[in-house]
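A.B. asks: The structure is given below, and queries will be raised subsequently.
The values are calculated or read from the model by the stated rules, or taken from the named source; none is laboratory data. Keep in mind that what you see is a predicted model, and the values were worked out from it rather than measured. Because the Cβ atoms are built from the backbone with ideal geometry, glycine has one as well, and the counts that use them run over all protein chains shown. Side chains included, ligands, DNA and RNA excluded: accessible areas come from the protein's heavy atoms. Shrake-Rupley method; radii C 1.70, N 1.55, O 1.52, S 1.80 Å.
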Amino acid sequence: MVHGMLGRKVGMMQVFTEKGEVVPVTVINAGPCVVTQVRVAERDGYDAVQIGFEEVPARKLTRPRQGHLKPAGVLLRILREFSADHPQDHKPGDVIKVDLFQPGQKVDIAGNSKGRGFAGVVKRHGFRGGPKTHGQSDRHRAPGSIGAGTTPGRVWKGQKMAGRMGGKRVMVQNLEVVDVLPEKNLILVKGSVPGARNGLLQIRKAVKG
């Protein structure tokens, strides 16, 4: 069985439990995904199943990509690999649906965080900034000193400074599946997940759960 699938973030809402408790959930449109290639250790050096997501017309794909997807019988925009218990049990063209997950199950979800552009140290790292008194006029959000004097006589690698914020791959682990709606290809996960609406997500069974 494949350990994960692809989906897109729809948005957030809240649901009520039988006890009347409010639970914030993220709605994810997951699958259906199609198996496009099977990796086995004897041939490829590792075991995995490559799956595809989002069908597109042929003009959207290169000829090599179309040839790669020919055994699956469908043209797909996004391809990713997931681990599997017995990859040889799958074959190109098999469909993986959202019923792969069950309510109460723990999952790990990865996606690209929202890009914030070029940000200063106050926004990016939570720096306090400089004082507003004692003659300070333009250093309120400045990083301050970045050196340590003659020794070491340089700036340490990894020093927190201004730079591009967000837009990176982020994974949130051990999120609980609240509900699964197979007829609508939807999965409801407790809490928030990385990225903006319509962002691509990789959902897999929790490694530590």
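A.B. asks: Just to check your reading of the model, which residue among VAL177, VAL189 is touching a Phe, Trp or Tyr at 6+ places or on another chain (Cβ under 6 Å), open to solvent by less than 60 Å² (accessible area, probe 1.4 Å) and under 20 Å from GLY111 (Cβ atoms)?
C.D. replies: Of VAL177, VAL189, the one residue that is touching a Phe, Trp or Tyr at 6+ places or on another chain (Cβ under 6 Å), open to solvent by less than 60 Å² (accessible area, probe 1.4 Å) and under 20 Å from GLY111 (Cβ atoms) is VAL177.
A.B. asks: So PRO87 ticks every box in (1) open to solvent by 40 Å² or more (accessible area, probe 1.4 Å); (2) within 24 Å of the chain's Cα centre (by Cα); (3) farther than 16 Å from ALA30 by Cβ but one. Which box is left unticked?
C.D. replies: (1) is the only condition that PRO87 fails.
Okay, residues lined up against (1) among the aliphatic types (A, V, I, L, M); (2) closer than 30 Å to ARG8 by Cα:
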| residue | (1), (2) |
| --- | --- |
| ASP99 | no, yes |
| LYS106 | no, yes |
| GLY115 | no, yes |
| LYS123 | no, yes |
| PRO131 | no, no |
| ASP138 | no, no |
| PRO143 | no, no |
| ILE146 | yes, no |
| THR151 | no, no |
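A.B. asks: Hey, can you tell me all the residues within the range 135-193 that are charged (D, E, K, R), outside any loop (DSSP other than H, G, I, E, B) and more than 17 Å from ALA119 (Cβ to Cβ)?
C.D. replies: Result: ARG169, GLU176, ASP179, GLU183, LYS184, LYS190.
A.B. asks: Could you say which residue among MET165, MET161, MET171 is more than 15 Å from the chain's Cα centre (by Cα), open to solvent by 60 Å² or more (accessible area, probe 1.4 Å) and not acidic (Asp, Glu)?
C.D. replies: Criteria check complete, one pass: MET161.
A.B. asks: Let me ask you something else. Give me the pairs: first residue in the range 100-116 and under 18 Å from MET171 (Cα atoms), second residue open to solvent by 30 Å² or more (accessible area, probe 1.4 Å) and acidic (Asp, Glu), beta-carbon distance under 9 Å, and six or more apart or on different chains, which are they?
C.D. replies: GLN105/GLU176; LYS106/GLU176; VAL107/GLU176
A.B. asks: Here is a check on your reading of the model: is GLN136 free of Cβ contacts under 8 Å to residues at least 40 places away in the same chain and of a type in the set (S, T, N, Q)?
C.D. replies: Criteria met by GLN136.
A.B. asks: Then there's this: Scan the range 24-63 for residues that are acidic (Asp, Glu) and not in a loop (DSSP other than H, G, I, E, B) and jot them down.
C.D. replies: The answer is GLU42, ASP44, GLU54, GLU55.
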